[in-house]
Amino acid sequence: MKVGLDVMGGDFAPDATIDGAILAHKEIDASDRIVLIGSKELILAKLNERGCDAKNFDIAHASEVIGMGESPIKALKVKSDSSLAVGFGMLKNDQIQALASAGNTGAMLVGSIFSVNNVQGIIRPATSVLLPKENGGNTILIDVGTNPDARPDVMYQFGILGSLYAEKVHNISNPRVGLLNIGEEEGKGNLLSQSTFRLMKDSRDFNFYGNIESREIFGDKVDVIVCDGFTGNVVLKQMEAMFQMLCRRNLQDDYIKRFNYENFGGSPILGVTGSVLIGHGISSAEAIKKMIILARDVYVSDLPKIIQEALT
């Protein structure tokens, strides 16, 4: 298979992306290829600086770059030869089987929806993040920013998406799905939480645990936590801030180190027909490497097809 990497995406591109691709090349199977998408001249120069043989990679030239602050829809239309636009075109035409980028998140989402489309039946795609459990393993938090104004039926589908992702990519058998709320009782929460709970409580599509409070998100009560994108993004950024504060104060152990974003690489956009991975804007070479490997794993799991079959 071929994994496309947006070389120009991210705060530290192209150095971090090139270095990450070199690291990933050492770990992937010989039958897999990494396709570097961006300025061919720049890519060749960066590989030469590192003494890396350009034959280890495929290169797809793109003359333009979509900046982190640009309007996603406008940028994809105007910059048709940007690394992201070229990447989505290759994904749509099966020239690559997965696309990974630490660039403009909005452009990644828009490109996914309009280039490879939603899985039939999925109302809105979602993104997720892994939260380290204190006793080992990880919990999947979904959604973390894609849908800040989600509806109950959309939240219900997050339960399906998160459960399938946990089972098929992270090998969690019969994953327990919890709904993030301000209390464990059925009647707790705002109207969105209460309505979503009523949809989920008799679900045959996933193993619903019930409500879970935020103080339990690092425990082992559930394997998937569902919330709207606004709440999920607040949780994610608070977690990142706490990790950074602990690092500044030299308060670390093996568990605290697991909160480093580099450990996870990126997040797949769940609910689209292609394998698309979004990385953190400040991704280092190590994070880029893990994003590329995760992109391969998501494709190999055939997750979009599994999601389609589950909805059917």
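Read-outs: derived from the displayed coordinates by stated rules, not from any lab. Since the structure is predicted, the reported quantities are computational estimates derived from the model, not experimental observations. Ideal geometry is used to build each Cβ from the backbone, glycine not excepted, and the neighbour counts take in all protein chains shown.
Data for the structure
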| quantity | calculated |
| --- | --- |
| Interchain or long-range residues, amide H under 5 Å from Val272's placed H | Val119 |
| Beta bridge orientation in the chain: antiparallel %, DSSP, nearest 5 | 25 |
| Cα centroid of region 122-191 to Cα centroid of region 29-93, whole Å | 32 |
| 25 Å Cα-Cα reach of Lys188 towards lysines, excluding residues that sit fewer than 8 places from it in its own chain | Lys133, Lys201, Lys221, Lys237 |
| Selection from Asn56, Ala24, Leu42 lying farthest towards where the dipole of region 21-87 points positive, charges on Cβ | Leu42 |
| Gain on full stretching of the segment that runs from Arg151 to Asp11 - 0.36 nm per residue minus C-alpha separation | 47.1 nm |
| Relative contact order, percent, the chain [alpha-carbon distance under 8 Å, six or more residues apart] | 23 |
| Options (i) 33, 60, 7, 0; (ii) 32, 55, 13, 0; (iii) 34, 57, 9, 0 - which one matches P(r) over Cα pairs in 20 Å bins from 0, in percent as calculated here | (iii) |
